[in-house]
Every structure is written in C-alpha cells, then in structure tokens.
Amino acid sequence: MDNTKTYNRILNIIERNGSAFAILLDPDRENPQSLAETARLSEDAGADIIYVGSSMLLSNNFNPAVSAIKKATNLPVVIFPGNAQMISPDADAILFLCLVSSRNPEMLIGQQVKAAPLIKEMQIEPIPTGYILVESGKLNAAQFMSGSLPIPRNKPDLVCAHALAAEYLGMKLIFTDAGSGADFPIPVEVICELKNYVSIPICVGGGIRSPQAAYERVRAGADIIVIGNAFEENGPQLIAEFADAIHTSEKSHTLSEK
C-alpha cells in the first residue's frame with residue numbers, strides 16, 4: 001500500500017496549477033445523491049479535490065455519502081473529519097487532524113487514538129495535518145464542538161508558531177480555518193507571514209465567499225483553498241469562477257505586492 005499516493009497527487013496538483021481548489025461537502029446538509037451530483041459538477045467546472053466532512057454528524061449518511069461521491073468523480077476524495085466517527089473505507093485519504101491551536105487533549109490526541117486503528121484496518125491514507133482555528137468574527141461549530149479558543153486574527157505570530165510546531169512534529173499539511181459560515185476569512189497578512197515561516201503546504205478555509213477573496217489568498221501564499229458554504233448559498237455556477245481565480249501560479253508572499 002502506497003501511504004502517500006493521494007498526498008503526492010495533491011502536491012502535483014499544486015505544482016501544476018499554482019494552488020489547488022477543494023470543495024467541502026457536508027453529509028449533514030444534503031443527501032448522498034445530491035452530494036454526488038455536486039461532486040460531478042465540481043469536477044467538470046475545475047475543482048481539484050473533494051473534502052467530505054461535518055462539524056458534528058447528525059445522520060447515518062456519512063459512509064453512503066463518501067461512497068456515492070467516490071463513484072461520481074475521479075477527483076481525490078478526502079475526509080475532513082469532525083470526530084473519530086467520520087471514517088469511510090471508500091475515501092482515498094483522511095486528513096489526520098491535530099487541532100494544534102487547542103489546549104483540549106481530546107482534540108490533540110484523544111480522537112486520534114480512537115480513529116487510528118480504524119484508519120489502519122480500512123487502509124485509508126492518512127495525511128497528518130496541523131489544524132489551526134483562527135478567529136472569524138463569531139463562535140462557529142468547530143470552536144463549540146472542540147471546546148477550543150481560536151487564535152486572534154490579528155496575531156499572525158501565534159499562528160506561525162503553532163504551524164511551525166506542527167511541521168516540527170512531522171505533519172505534512174497546515175489547515176488554517178475560520179470555520180463554517182465565518183464572518184471573516186483568514187486575513188491575507190496571516191497567510192503571507194505563515195507562507196514565509198513554514199515549508200509545508202498551507203490549506204485555507206472558512207468565510208471565503210468570492211473568487212476575488214480566493215485569489216487574494218492564493219496571492220498571499222495559500223496552496224489549497226477550501227470552499228463550502230459559498231456554493232450552498234449561491235449554487236454551483238460559481239465553481240468555475242472560483243477555479244479560474246485559484247488556479248494561478250502567481251504568488252507574491254510579500255505584503256507590499258498585494
């Protein structure tokens with residue numbers, strides 16, 4: 001079993017397109033058939049990755065959803081789990097999250113210990129990921145469910161320190177998240193400083209509602225842009241516009257050029 005196949009595929013997408021475009025699909029919000037259709041439309045419109053996950057999971061739709069999505073698309077299907085219950089053998093990979101911005105041991109190691117044996121048994125590729133919650137303007141589900149305070153959005157030094165610790169612990173990806181339905185996305189200044197501070201790919205999600213906002217964060221150094229609520233609210237017609245904005249190799253990494 002190649003334990004880095006999907007991760008390497010994502011790295012190749014980033015190298016080829018400048019940045020990768022991930023669609024986040026939530027099994028709590030739609031039925032498996034609707035999610036599969038969204039995945040198919042997303043691939044046709046230029047998306048690169050399908051993330052599947054929810055903050056809580058209020059139904060038995062998770063495994064059927066992953067299975068339906070996998071059958072509908074050739075894109076890598078990656079689980080973005082809210083807890084150890086969100087595991088499916090039909091996924092290509094799972095973000096093996098450690099909420100490094102938390103001080104809650106359950107989010108630092110507890111859920112991971114519960115999930116690890118199942119991931120091994122199902123032979124799902126784990127992608128060790130340092131997950132960082134950043135203040136978004138309001139309390140969101142990820143903060144509430146994890147019992148974790150977000151890092152203030154005006155403290156890029158704290159974000160950088162947590163991300164570097166994750167890299168030194170051997171994680172392969174940094175995921176900075178403002179949370180579902182965030183009032184404000186991650187500031188471009190934070191992304192820019194973070195990109196100059198760590199050497200592993202940076203995934204940015206939460207509150208990115210327009211192609212322009214996505215483009216600005218790619219310019220600042222984001223390697224993967226994750227979009228979820230924008231399509232739930234405005235429909236899949238925006239997917240192609242987001243794809244065009246995200247797929248650029250032009251990155252500045254300096255505040256003066258943005």
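The values are calculated or read from the model by the stated rules, or taken from the named source; none is laboratory data. These numbers come from a predicted model, not from an experiment. Cβ: placed from backbone, ideal geometry, glycine included. Neighbour counts: every protein chain shown.
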Margin query: Under 8 Å between Cβ atoms, which residue pairs at least 6 apart in sequence (or on different chains) link something in segment 145-161 that is modelled with pLDDT of 95 or more with a partner that is of a type outside the set (A, V, I, L, M, F, W, C) and loosely packed, with under 13 Cβ neighbours inside 10 Å?
Written below: Leu158/Pro152
Notebook entry, point to check: Based on what the data block shows, is Glu193 of a type in the set (Asp, Glu) and free of Cβ contacts under 8 Å to residues at least 60 places away in the same chain?
Noted result: yes
Next item on the list: Return a yes/no flag: does segment 194-210 have any residue that is of a type in the set (Gly, Ala, Ser) and in contact with a Gly (Cβ under 6 Å, 6 or more places away or on another chain).
Entry: yes
Notebook entry, point to check: Within segment 152-173, which residues are within 19 Å of the chain's Cα centre (by Cα), among the charged types (D, E, K, R) and closer than 17 Å to Val188 by Cα?
Noted result: Arg153
Item checked: segment 133-144, subset under 17 Å from the mean Cα position of the chain (by Cα) and in a helix (DSSP H, G or I), residue nearest to Leu97 (Cα to Cα) -> Ala142
Next item on the list: Among what's in segment 60-72 and is in contact (Cβ under 8 Å) with a residue 24 or more places away in the chain and buried (at least 20 other Cβ atoms within 10 Å of the Cβ), pick the residue that is nearest to Pro150 (Cα to Cα).
Entry: Phe62
Next item on the list: Would you tally the residues in segment 5-59 being part of a loop (DSSP other than H, G, I, E, B) and either surrounded by 23 or more Cβ atoms within 10 Å (Cβ to Cβ) or not basic (Lys, Arg) (or both)?
Entry: 17
Note to self: Just to verify a result, which residue in segment 117-145, among those that are touching a Leu at 6+ places or on another chain (Cβ under 7 Å) and of a type in the set (S, T, N, Q), is surrounded by the most Cβ atoms within 10 Å (Cβ to Cβ)?
What the structure shows: Thr129
Check: What's the number of the condition Ala84 fails, among (1) closer than 16 Å to Leu173 by Cβ; (2) in a loop (DSSP other than H, G, I, E, B); (3) under 17 Å from the mean Cα position of the chain (by Cα)?
Finding: (1)
